[in-house]
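Novice: This is the structure, below, for whatever I ask next.
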Amino acid sequence: MPLKGFLSKSGLKSAKAASALSDGERLAMLDELEQSGLGWFWASDTSGNLTYLSAAIAERVDVPLSELLGQPLASVFASADRDGRTKSLALMLGAHKAFSGFAVRAEKGADVSAGGAVLRLSGQPAFDGQKFTGFRGTGADITDEYFREEETERLAKFDSLTGLSNRHRMQHTIETTLTAFKAAKRNCAVMMLDLDKFKNVNDTLGHAAGDELLKQVSDRLQRSIEVECEIGRLGGDEFQVMIPDMDDRGELGEIAMKIITMLRQPYSLEEGRCVIGASIGIAIAPHDGVSADEVVRSADLALYSAKNSGRGQYRFFSGELENEALFRRRLEENLGIAVQEKQLFLKYEPIVTAEDETVRALETHICWMHDQRGEIDEEEFASILDGSSQVVEVGTWAIEEACQHAASWPDTVRVAVNVPVALFASDSFVDAVSEALKSADLPSHRLELEISEAVFFGDTNDVDRTLAQLFKLGVRLTLDEFGSGYSSLAYLRRAPFDAVKIDEALVSEAEAHDSKDLGLIRAIVALAGALEMDTIANGIETTDLFDRLKESGVKFMQGPIYSDPVAREVADTELIGDAWKIEPSSDRTKRARRRTVFRKIQVIHDDHSYEVTLRNLSKTGALIEGLHEVPKETQFVVDLGGGQLAVATVIRSSGDTQGLEFEQSLVDDGAGGLCTRNRVSPYALSAAGAPLAALSQGDYKGMEGGMLSEGGSSVPQFGYAIQAHGQPRCEAA
């Protein structure tokens, strides 16, 4: 249709008498308006087919005008609404009612996601008397506005650095998901993830490198999780993962371990190479909480526990973690009292010459003999001390104590002490070292101070002055965790180091046969040799790794392959007489964190519950004590607490002790313990009349699945074992 005809049908003819413009002038003005892009026009017939379209619109959407005219308007343009909530164009046209501000994109031509045009259409139905004759309307290009709004909306929901969901979106997603899942009685897992040593990367390589590292972490995180999930970055180095419809702790543990393994692989950045780690806390709704706040808090507590247990691991939430967190905070508060009351003590880890297997130094590890908790080992104590206000006091005590002990050792053996950053930066540090040496009458060259790269993040003049004073004292200096940062070479040029300790993560990576890290270790050894420095590798557990490091020229080694940290008395005894030699052996492995197994539990048979003592626990079975006359092949449901029920069969029975075999193996809980894959759902409790809430520790009666009914109707088949004095070993349930 020519523009003149379109204008006539638009009602412009009726206004001609009121206008001083001629038809030609009017048409020219509208042509100019169309070409300028300020106003475009369209018209359709009664069937919704285009009868007129400004050529500028066709040009803007990159489709020939001839291909558009005569086509249904609804097939030419589609809604550009992002959420799909707006009515379709066909429905709006079919209603024969006016509309305005309808955002559309061309069905043909450049796609909007690739930068194609977005238009805003308005339309007015036209009538000849009562007869509908079609639509007349206008259009405007809103592409820039549309994409500005889209970017604003994206930034409100997604992290601008990684593209992952941001804190606000994750919170909303978890809340809405758990609300819906509560009604549908479905499970949902939430993981909280925190990066280990990320701050070191920011400090050594700079914030630009830290940002690039976070992008790479995001990419690896998405690739490591192959199930449906929502991943978000909450800020800094903290991430969150929501996995719907999963409560199998075996599968969740495998996912968590895969994430940890992938994230601790070396990263290549423009500013340098780095290695980090990750800790993960896992909670599952509704077992560990019903609301979003409860589940996220449970995952946070599990993450806190994972980090405090040595980092680089995952931990499932359990009811005991809250008490553990409270107790840990009390430990941190009581650290000062521990120093005053001499509850702290040192253990020593041998540092051995690789060539002749002779112990040349002993590295100190601080432990705590707590009056309630018992011995708190070096790993847990280090996590308690980290960030504590008592760092300087404890560090000073350790140096003094180590010097006193070393004074009685052979002159050929040094003592090595790790120096926390806060202690190094304190004004009294050098004087404290000098006084410790003088008080113990220990030659200064027999004290070795291990200093991390983090000390160099302080004031340059202060750091250089302290290092110069230590050099003047004559103590040995070791640069700890070498290879984990970017500026290490600059540190070596500035500081009078006697040795470099290769970063443990770098050492562990060198165990892979195709790893480039072994070549990097060789380069570090060559560099250290050129600078007349020794090299130390720690954390060695296998003879294969030992052989490779020895072949690479590493001079000193330490780790489980030689010995775990030993008490002072053991070290004193071994150092008497001839040199202390230790032959490396893979039979020694890093001891697992000890967890108490000896405890009371419930076992259920038919409709009766019995309290027994759990003596031993493995993935495939358990050893219980407390019942007698239990025949083989008897089946029990073992209640391990917190809704953990395991079906087991008696395979051995002797007196009051039975060996049980589980129908389904237990899985690792990420903290050196074991747990069931699944737990009794709180929804089952709710169906039985109990309030819907997260499971607490203890036994669960009146539940589905063959569980005990309160006040069982049958006669108990088993009696309690009787001790020599005639009293029952266990109380009846």
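The values are calculated or read from the model by the stated rules, or taken from the named source; none is laboratory data. The model shown is predicted, which means the values in this text are computed figures rather than measured ones. Cβ coordinates were reconstructed from backbone atoms using ideal geometry, including for glycine residues, and neighbour counts include every protein chain displayed. These area figures cover heavy atoms from the full protein model, side chains too; ligands, DNA and RNA do not enter into them. Shrake-Rupley method; radii C 1.70, N 1.55, O 1.52, S 1.80 Å.
Novice: Take the Cβ-Cβ distance between residue 107 and residue 664 as r, set R0 to 56 Å, and report the resulting FRET efficiency rounded to the nearest 0.05.
Specialist: After rounding, the FRET efficiency stands at 0.55.
Novice: Cβ neighbours within 10 Å, averaged per peptide: list 656-667, 119-130 in order, most packed at the top.
Specialist: With the highest mean Cβ count within 10 Å placed first, the list reads 656-667, 119-130.
Novice: Amide H of residue 510 versus every other amide H placed in the peptide plane: which residues, excluding those fewer than 5 positions away on the same chain, fall under 5 Å?
Specialist: none
Novice: Would segment 223-311 count as rounded, prolate or oblate if I go by the C-alpha gyration tensor, calling it rounded below 1.5 in a/c and otherwise prolate when a/b exceeds b/c, oblate otherwise?
Specialist: Prolate shape, in that a/c is at least 1.5 and a/b is the bigger ratio.
Novice: In percent, what relative contact order does segment 634-681 have, based on Cα pairs under 8 Å that are 6 or more apart in sequence?
Specialist: With pairs under 8 Å counted, the relative contact order is 31 percent.
Novice: How far apart, in nm, are the 7 Å Cα→Cβ label points at residue 607 and residue 633?
Specialist: If labels sit at residue 607 and residue 633, their model points lie 2.5 nm apart.
Novice: Rounded, prolate or oblate for segment 261-392? Axes are the square roots of the Cα gyration tensor eigenvalues, ordered a ≥ b ≥ c, and the cut-off for rounded is a/c under 1.5.
Specialist: Since a/c reaches 1.5 but b/c is at least a/b, the shape of segment 261-392 is classed as oblate.
Novice: Further, regarding this structure: Express in Å², to the nearest 10, the accessible area of residue 464 obtained by rolling a 1.4 Å probe over the protein heavy atoms while all chains stay in place.
Specialist: Around 60 Å² of this residue is reachable by solvent.
Novice: Mind checking the full-extension length gain between residue 130 and residue 427? Use 0.36 nm per residue of separation minus the Cα-Cα distance, one decimal, nm.
Specialist: 97.4 nm
Novice: What distance in nm separates the two pseudo spin-label positions at residue 543 and residue 90, each 7 Å out from Cα along the beta-carbon direction?
Specialist: Inter-label distance under the simple model: 7.6 nm.
Novice: Pull up all non-local amide H partners of residue 426: gap of 5 or more, or a different chain, and H-to-H distance under 5 Å with H placed in the peptide plane.
Specialist: So residue 426 has HN proximity to no qualifying residue.
Novice: Still on this structure, I have one more. I'd like the antiparallel share, as a percent to the nearest 5, of DSSP beta bridges with both residues in segment 326-471.
Specialist: Expressed as a percentage, antiparallel bridges in segment 326-471 total about 60.
Novice: Looking at the square roots a ≥ b ≥ c of the eigenvalues of the Cα gyration tensor of segment 192-342, which shape do they give, rounded for a/c under 1.5, prolate if a/b is larger than b/c, or oblate?
Specialist: Oblate is the answer for segment 192-342, as a/c is 1.5 or above yet b/c matches or exceeds a/b.
Novice: Taking all protein chains as present, what is the carbon and sulfur share of the accessible area of segment 533-584, in % to the nearest whole number, probe 1.4 Å?
Specialist: Looking at segment 533-584 in its full context, I get 45 percent from C and S.
Novice: So, one more: Using amide H atoms built in the peptide plane, which far-off residues or other-chain residues are under 5 Å from residue 534 H to H?
Specialist: 499, 500
Novice: I'd like the distance separating the alpha-carbon centroids of segment 605-666 and segment 208-276, in whole Å.
Specialist: Taking the Cα centre of each part, segment 605-666 and segment 208-276 sit 39 Å apart.
Novice: Related question: Using the Cβ atoms and a cut-off under 12 Å, what net charge is assigned to the surroundings of residue 358, where Lys and Arg are +1 and Asp and Glu are -1?
Specialist: My count for the surroundings of residue 358 gives -3.
Novice: Students often get this wrong: which residues of segment 327-353 have the backbone nitrogen under 15 Å from the point 7 angstrom along Cα-to-C-beta of residue 404?
Specialist: Backbone N within reach: 339-347.
Novice: For a Förster distance of 45 Å, can you work out the FRET efficiency between the beta-carbons of residue 337 and residue 616, rounded to the nearest 0.05?
Specialist: It comes out at approximately 0.75.
Novice: Follow-up question, since we're still on this one. May I ask you to compute the full-extension gain from residue 161 to residue 576, defined as 0.36 nm times their residue separation minus their alpha-carbon distance, rounded to one decimal in nm?
Specialist: Extending this stretch completely gives an extra 143.5 nm.
Novice: How much length, in nm to one decimal, is gained on full extension between residue 473 and residue 59, taken as 0.36 nm per residue of separation minus their Cα-Cα distance?
Specialist: Once the chain is fully extended between residue 473 and residue 59, it gains 140.9 nm.
Novice: So, one more: At a Förster distance of 30 Å, what's the computed FRET efficiency of residue 551 paired with residue 254, Cβ-Cβ distance as r, to 0.05?
Specialist: 0.30
Novice: Just grab the label-to-label distance for residue 371 and residue 600, each label 7 Å out from Cα along the Cβ direction, in nm (one decimal).
Specialist: Placing both labels 7 Å along Cα→Cβ, they lie 2.7 nm apart.
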